[in-house]
Amino acid sequence: MKLTIIGCSGSMSGKDSPASSYLIQATGKDETGFERLFSIVCDFGPGAMGHLMRYADPAMVDAMFLSHFHADHCADMVGMQVYRRWYPEGALPQIPVYSPGDGAARTRGLSADDPAETYETEFDFQQLVPGSLVRVGPLTVEAFAANHTVPTLSLRISGPSEEPDLDREVVLTYTGDTDTVASVVEAERNADLVLSEAAFEEGRDTVRGVHLTGLRAGQMAAEAGAARLVLTHLQPWTNAEKNLADARSVFTGEVHVAQAGAVFTI
């Protein structure tokens, strides 16, 4: 399994990165037995559509997952819809889009389309709830409840390792936007890599139930027994070095700050 950071800026796009969006890929067999590369995208915030083109052909994305409907996590769904409907060689096939709530209504609201627009030729919107399991090729995605201001899901993604001598499934957990909560710790349990939001700074941002700090992200990963931690969704005004140091103070595994274009193999 390979993770590519499409965008990692929190709450808005930043000068060096689109807003939250992540490409997860793994090789496996399709329903005919043919071995190929499967690609899923988790979240699709402002700027993600253009940057996705740097790392993968948007026409080859197998499924999309939206952790929640705040615009910094889903605004570029409008761009993907236009790309699929008006592709020069002909409209592209429908792909599944998994999210909490009504994904079609949210996309319609972003695009200001007519209420009769269903996007049924581009997207197959499907609702996820905590406990939902979705299989995409060799990848299995399980949804867990997060602790945010709107319904939000953390995603635990299991799949084949990129390491040829590692004979087991590996786990990537994407927290989505969340504050500390037991359900996300369970999503991170023994994960090989945790991609954790860390928008807030310890000592600066005191409101709870919205975002993690670097310290709280590190504490949750440590409690879960995770192996590696990548901090993401840092707002343009958040001090990445402080959040990195705070996470390292409580988590003994590798800790990194996400950057657009960075690749992590699992």
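The values are calculated or read from the model by the stated rules, or taken from the named source; none is laboratory data. On a predicted model such as this, the values are computed, not experimentally measured, just so you know. As a convention, Cβ positions derive from the backbone with ideal geometry for all residues, glycine included, and neighbour counts pool all protein chains shown.
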Restricting the search to region 206-262, which residues are of a type in the set (F, W, Y) and in contact with a helix residue (DSSP H, G or I) (Cβ under 7 Å, 6 or more places away or on another chain)? F251
Under the condition of being of a type in the set (S, T, N, Q) and within 26 Å of T149 (Cβ to Cβ), which residue from region 110-126 is surrounded by the most Cβ atoms within 10 Å (Cβ to Cβ)? S111
Would you mention how many residues in region 197-217 are in a loop (DSSP other than H, G, I, E, B) and either in contact with a Phe, Trp or Tyr (Cβ under 9 Å, 6 or more places away or on another chain) or surrounded by 14 or more Cβ atoms within 10 Å (Cβ to Cβ) (or both)? 10
Just to be sure I understand, how many residues within region 241-255 are of a type in the set (D, E, K, R) and part of a strand (DSSP E or B)? 1
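Each row is one residue, and each column tells you yes or no for (1) of a type outside the set (A, V, I, L, M, F, W, C); (2) at pLDDT 95 or above; (3) touching a Leu at 6+ places or on another chain (Cβ under 8 Å).
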| site | (1), (2), (3) |
| --- | --- |
| H51 | yes, yes, no |
| Y55 | yes, yes, yes |
| S67 | yes, yes, yes |
| C74 | no, yes, yes |
| V78 | no, yes, yes |
| P100 | yes, yes, yes |
| V141 | no, yes, yes |
| F144 | no, yes, yes |
For region 220-266, name all the residues that are closer than 19 Å to E202 by Cα, surrounded by fewer than 22 Cβ atoms within 10 Å (Cβ to Cβ), of a type in the set (A, V, I, L, M, F, W, C) and touching a residue at least 12 places away in the same chain (Cβ under 8 Å). A222, A240, L244, A245, V250, V257
Selection from region 1-30 of residues of a type outside the set (S, T, N, Q) and not in a strand (DSSP E or B) yields M1, C8, G10, M12, G14, K15, D16, P18, D30
When only residues in region 7-55 that are acidic (D, E) and in contact (Cβ under 8 Å) with a residue 40 or more places away in the chain count, which is nearest to M77 (Cα to Cα)? D43
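Let's see how each residue does on (1) among the basic types (K, R); (2) in contact with a Pro (Cβ under 9 Å, 6 or more places away or on another chain); (3) closer than 28 Å to K29 by Cβ:
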site: E117; (1), (2), (3): no, no, no
site: D124; (1), (2), (3): no, yes, yes
site: G137; (1), (2), (3): no, no, yes
site: V185; (1), (2), (3): no, no, no
Find all pairs meeting these conditions: Cβ atoms under 7 angstrom apart; at least six residues apart or on different chains; first residue within region 179-197 and β-branched (V, I, T); second residue assigned to a helix (DSSP H, G or I). T180/R216; T180/M220; V184/M220; V185/M220; V185/E223; V185/A224; V194/A221
Note: among L193, L234, L229, just one is at pLDDT 95 or above and farther than 21 Å from I157 by Cβ, namely L234
What are the residues in region 81-109 that are within 21 Å of V150 (Cβ to Cβ), in contact (Cβ under 8 Å) with a residue 24 or more places away in the chain and either out of contact with any strand residue (DSSP E or B) (no Cβ under 6 Å at 6 or more places or on another chain) or not small (G, A, S) (or both), if any? V97, Y98, S99, P100, G101, D102, R106, T107
Odd one out for S183 among (1) in a helix (DSSP H, G or I); (2) buried (at least 18 other Cβ atoms within 10 Å of the Cβ); (3) within 19 Å of the chain's Cα centre (by Cα): (2)
Among E142, E89, E122, the single one that is in contact with a helix residue (DSSP H, G or I) (Cβ under 7 Å, 6 or more places away or on another chain) and among the acidic types (D, E) is E122
Quick test of your reading of the structure: P115 fulfils all but one of (1) more than 17 Å from S21 (Cβ to Cβ); (2) in contact (Cβ under 8 Å) with a residue 12 or more places away in the chain; (3) in contact with a helix residue (DSSP H, G or I) (Cβ under 8 Å, 6 or more places away or on another chain). Name the failing condition by number. (2)
